[in-house]
Amino acid sequence: MELKSARIQNFRSVEDSGEFTVDHLTCLVGKNEAGKTAVLQAIAGLYPHPATPFVYELERDYPKRYLARYKERHDGKEAEVISTVWELNQEEIDELTGQFGSEAVTGRTITVSRSYNSIVTGWTVPINEACAIAFLISQRGFSAAEKSQVGSPATTNELIAKLTKLQENAKHKALLDLVNAYPSKSVLSKARAILELHFPQFMYFSNYDRMNAMVHLPSLNERANNKTLFSDEQYRGDRLFWEFLEYSGVPLSDILGTTTFESFNAKLQAASNVLTEEILEYWTQNQDIEIRVSVAEGLPDDLAPFNSGAVGRARIYNLLHKADTSFSERSAGFTWFFSFLIKFDRVKKDATGKVFLLLDEPGLTLHGLAQADLLRYFAEKLEPHHQIIYSTHSPFMVPHDNIMASRIVEDLVVVDGRGRRTPTGTMVREDVLKADKDSVFPLQGALGYSLTQSLFIGKHTILVEGPGDILYLQALSAELLRRNRTGLDPKWVICPAGGIDKIQSFVSLFAGNSLDVVALSDYTKKDKTKLENLRKSEVIKDGGVLSIADFVTQEEADIEDLFDPQLFCAIVNGTYGLKGEQKLDPVKLQAADENTERQVKAAEEYFNLLPEPTPLYNHFTPASWLLMHPETLAGDTDPVLKTLERAETLFEALNGLIAK
């Protein structure tokens with residue numbers, strides 16, 4: 001199951017967050033003191049993991065300005081803190097169906113909530129109790145008479161009451177025993193028990209441990225054996241060193257049990273190699289380093305307990321400077337990143353059942369590009385195993401390729417006519433356009449970093465998917481204008497957005513800038529919903545969402561499909577110098593991939609079939625070649641004229657959208 005939405009109330013600064021949706025990876029963005037931590041901790045209290053316990057405490061957590069009127073405000077009941085909606089997966093639906101029948105399962109969502117001082121969490125499950133009971137009765141092999149005696153009870157209590165009177169019959173008693181064995185003797189409670197086995201526990205992290213650079217291995221081993229290493233908070237840095245060795249595939253017991261130098265040295269080198277390979281996969285700030293693990297006897301003048309017995313050390317060797325330093329002397333960002341990777345690899349391995357990760361301000365000490373590395377680690381290592389919500393106020397921690405998975409957290413204040421300021425509490429918003437400029441700044445910064453490296457935003461802007469689109473449009477427009485036909489109006493500025501998803505983000509975040517924005521997108525069937533959502537935007541002009549498929553005679557199309565196949569093949573051949581048997585023609589193009597209408601996809605497949613060392617096909621290079629060889633569009637051959645006719649129709653449509 002996956003969390004789809006949440007609503008938080010009566011918790012610290014959050015009087016009522018409003019219901020907000022949650023993605024598989026969700027980023028909470030907001031200023032300091034906006035309430036991001038409160039939101040994460042409220043979620044953590046729903047089903048806390050034993051490793052990171054969190055319990056709602058009325059005196060500590062209930063909004064202080066209302067605490068004296070708690071009973072009055074809630075009619076003597078406990079105040080609800082969180083209500084959540086979860087979507088069941090097919091496996092969970094199948095379990096419910098197998099237990100209670102398909103007609104009893106009424107939906108794919110459940111709601112789960114928790115209140116103050118609540119031991120039992122509120123659940124609403126999608127089960128029709130009467131249908132479930134009918135299914136149970138149908139599965140017992142009753143004769144018509146036996147079934148008639150049971151009747152059609154609508155609730156579990158009615159079923160138990162009826163069966164209690166009939167339990168002299170073995171079949172009736174067997175059904176009675178089955179139902180009595182259900183939690184709380186209830187069909188609904190049984191359904192909940194089935195689903196609770198799949199329900200994740202929440203792990204909340206705000207303090208991120210730093211690994212110690214040096215440990216006394218006999219003491220470490222003793223603490224690991226008697227479990228104090230894992231239960232005593234003063235050993236958190238040592239515990240990470242122990243996890244560091246486990247992560248490397250050379251556990252402490254192997255090191256201490258080695259009796260020959262060669263074997264001992266081989267294990268340490270193996271650990272060093274594994275750790276170097278792993279850290280360099282996600283630490284791109286410095287690729288000229290090696291992680292080196294060493295074990296040596298403590299020297300008499302070292303500080304106790306490192307003056308005797310085996311001492312483990314983690315050191316970082318710089319290949320350029322040919323010098324090593326202790327792990328503890330590295331930058332705060334590096335030690336944080338390294339420790340984080342070790343810790344969360346352990347979380348992944350130790351998790352029993354599903355774990356939901358709540359990360360409060362991860363990566364604060366990291367450089368912006370290292371924060372991007374951390375996001376990549378989230379996506380590749382954590383997200384496949386866990387649903388994640390994390391908070392940040394850094395633009396570099398916002399996933400710019402999926403900005404709309406971000407939620408704005410604001411602590412709102414209402415000012416009345418007399419200037420009196422009254423807090424209304426923390427809100428979580430999906431509509432970034434309603435957020436104040438300070439709260440939305442990280443989103444704007446993230447999108448700006450992603451887009452403005454290649455964009456020049458004009459008053460009249462056409463958003464396209466990539467830079468190759470710009471070159472193709474420029475080449476086609478130039479040839480049409482040379483022929484005194486309709487080219488693209490020079491008022492238009494063409495901006496590559498990097499894909500249809502970023503077009504959506506651009507539209508959302510740059511609203512209010514009085515831009516004349518239209519979008520020109522490639523089209524595949526899976527893009528239908530995205531294009532429909534774009535058309536609903538208040539920023540894009542009416543009729544301003546165009547797809548290449550609108551101007552060709554095929555259902556799916558890229559900008560390359562404006563070109564006649566004969567002309568497209570000529571461009572590809574000229575770009576890559578294909579001759580002889582390798583020369584591309586429309587027949588070979590179609591045969592390369594008969595499952596697609598899109599010429600660019602067929603060309604990619606054709607290049608995959610060519611012998612080495614043929615370069616890989618990409619979208620940009622042929623467009624660049626065409627711009628440098630305008631003579632390709634000269635002449636009056638049938639392929640050229642058909643191509644220019646389609647392009648002219650497109651430019652006429654675009655020019656008609658310029659605001660008068």
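Values for this structure:
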| read-out | value |
| --- | --- |
| Any chance ALA42 is closer than 13 Å to ASP360 by Cβ, touching a Lys or Arg at 6+ places or on another chain (Cβ under 6 Å) and modelled with pLDDT of 90 or more | no |
| Given (1) crowded, with 16+ Cβ neighbours inside 10 Å; (2) closer than 27 Å to LYS530 by Cβ; (3) touching a residue at least 60 places away in the same chain (Cβ under 8 Å), number of the condition LEU382 does not satisfy | (3) |
| Scan of the stretch 135-166 for residues that are of a type outside the set (A, V, I, L, M, F, W, C) and surrounded by 14 or more Cβ atoms within 10 Å (Cβ to Cβ), ordered by number | ARG140, GLU146, LYS147, GLN149, PRO153, THR155, THR156, GLU158, LYS162 |
| Helices (runs of 4 or more DSSP H) enclosed by the stretch 20-114 - at least 3 residues per element that are touching an Asp or Glu at 6+ places or on another chain (Cβ under 9 Å) and not polar (S, T, N, Q) | 36-44 |
| Condition met for ILE342 (surrounded by 17 or more Cβ atoms within 10 Å (Cβ to Cβ), closer than 30 Å to LEU88 by Cβ and in contact with a Leu (Cβ under 9 Å, 6 or more places away or on another chain)) | no |
| Yes/no for SER521 being at pLDDT 80 or above and under 29 Å from the mean Cα position of the chain (by Cα) | yes |
| Scan of the stretch 309-327 for residues that are within 22 Å of ARG239 (Cβ to Cβ) and surrounded by 13 or more Cβ atoms within 10 Å (Cβ to Cβ), ordered by number | ALA310, VAL311, GLY312, ARG313, ALA314, ARG315, ILE316, PHE327 |
| Count - residues of the stretch 531-562 that are charged (D, E, K, R) and either modelled with pLDDT under 75 or not in a helix (DSSP H, G or I) (or both) | 7 |
| Any hit, the stretch 188-199, residues being farther than 30 Å from ILE93 by Cα and either part of a helix (DSSP H, G or I) or modelled with pLDDT under 85 (or both) | no |
| Count of residues meeting criterion [of a type in the set (A, V, I, L, M, F, W, C) and in contact with a Phe, Trp or Tyr (Cβ under 7 Å, 6 or more places away or on another chain)] in the stretch 355-373 | 6 |
| When residues of the stretch 215-231 are limited to those that are in contact (Cβ under 8 Å) with a residue 60 or more places away in the chain and surrounded by fewer than 19 Cβ atoms within 10 Å (Cβ to Cβ), the one farthest from PRO153 (Cα to Cα) | PRO218 |
| Hits in the stretch 363-394 - residues which are under 13 Å from the mean Cα position of the chain (by Cα) and part of a loop (DSSP other than H, G, I, E, B) | GLU383, PRO384, HIS385, HIS386 |
| Top-ranked residue in the stretch 107-129 [being touching a residue at least 24 places away in the same chain (Cβ under 8 Å) and touching a Pro at 6+ places or on another chain (Cβ under 8 Å); ranked as surrounded by the most Cβ atoms within 10 Å (Cβ to Cβ)] | ILE110 |
| Members of the stretch 257-299 that are closer than 18 Å to ALA370 by Cβ, among the acidic types (Asp, Glu) and either touching a residue at least 12 places away in the same chain (Cβ under 8 Å) or in a strand (DSSP E or B) (or both) | GLU278, ASP288 |
| Residue satisfying condition, being assigned to a helix (DSSP H, G or I) and not assigned by TED's automatic domain parsing to the domain that holds ALA372, within set LEU240, LEU320 | LEU240 |
| Residue match in the stretch 569-581 (condition: surrounded by 17 or more Cβ atoms within 10 Å (Cβ to Cβ) and within 22 Å of ASP489 (Cβ to Cβ)) | no |
| Matching residues in the stretch 158-200 - criterion: being without any contact (Cβ under 8 Å) to a residue 12 or more places away in the chain and polar (S, T, N, Q) | GLN167, SER184, SER189 |
| One residue from LEU633, LEU610 being closer than 26 Å to ARG483 by Cβ and in contact with a helix residue (DSSP H, G or I) (Cβ under 9 Å, 6 or more places away or on another chain) | LEU633 |
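The values are calculated or read from the model by the stated rules, or taken from the named source; none is laboratory data. The structure presented is a predicted model; accordingly, all values stated were derived computationally and were not measured. Quick reminder, even Gly has a Cβ in these numbers, built from the backbone with ideal geometry, and neighbours come from all protein chains shown.
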